[in-house]
Amino acid sequence: MTGRLQVCEPEAEIAKHTHAILKLTSGRELRFVDPRRFGRLSVAADGDFDPVGVEPLDVDLERFVALFRGRKTPIKSALLNQKLLRGVGNIYADESLFRSGIRPRRKAASITREQLGKLFVSVKEVLKEAIKLGGSSISDYVDADGEEGFFQLKHRVYGREGEPCLTCKRPIKRVVIAGRSSHFCPKCQQ
Ligand SMILES: [Zn+2]
């Protein structure tokens, strides 16, 4: 989605947002520069390359629906599974599920095609808004000037436990799924 790999001499100035530097046998360095932190590096042993998931902004509806077929895990966990979809973080998953009216604990396989269609649209919307606003925030995002992103201002459920749902006024609930906080509206999300 963003980020780039550079090969440079070790003396070269280290660019802002360099998250990894690997020494090459040639003596040069391979650097990973990713201001938006949507990028991902993984290490694979020879012959053991495990392809990572699809890019949520590129995936088409058919492929998206197929990702969840037969999965007994909660939809929230499936969304966070980087082997299915890349780059959908905890906040984005909660916000996408709220917008599509799906409870985070629902088994992925139990979600209708129509609802998955809504989720497909929501995931793309949320990611595009986040990118436009400068990334997520809260825990780990700061922009080039050290400022937090603004996406938190638009959160509809994430971090709003006990506060009224923006649609129906019921208090937002928080549960823990696979070790991650999950926020949802008990009325709007089924
Ligand atoms: Zn609601």
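Checking each residue in region 60-78 for being open to solvent by less than 50 Å² (accessible area, probe 1.4 Å) and aliphatic (A, V, I, L, M) picks out Val65, Ala66, Leu67, Ile75, Ala78.
Residue-wise test of (1) at pLDDT 95 or above; (2) buried (at least 17 other Cβ atoms within 10 Å of the Cβ); (3) not in a helix (DSSP H, G or I).
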residue: Val88; (1), (2), (3): no, yes, yes
residue: Arg99; (1), (2), (3): yes, yes, no
residue: Arg103; (1), (2), (3): yes, yes, yes
residue: Ala109; (1), (2), (3): yes, no, no
residue: Val123; (1), (2), (3): no, yes, no
residue: Glu129; (1), (2), (3): no, no, no
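Residues that are on the phi < 0 side of the Ramachandran plot and either without any contact (Cβ under 8 Å) to a residue 24 or more places away in the chain or near the ligand (Cβ under 9 Å from one of its atoms) (or both) within region 170-183 comprise Arg170, Pro171, Ile172, Lys173, Arg174, Val176, listed in sequence order. All of Leu84, Leu153, Leu133 fail the test of being at pLDDT below 95 and buried (at least 20 other Cβ atoms within 10 Å of the Cβ), apart from Leu84.
The values are calculated or read from the model by the stated rules, or taken from the named source; none is laboratory data. Note that the structure is predicted; figures quoted are calculated from it, not measured. Note: ideal-geometry Cβ built from the backbone for every residue, glycine included; neighbour counts use all protein chains shown. The accessibility values were calculated without ligands, DNA or RNA, using every heavy atom of the protein model including side chains. Shrake-Rupley method; radii C 1.70, N 1.55, O 1.52, S 1.80 Å.
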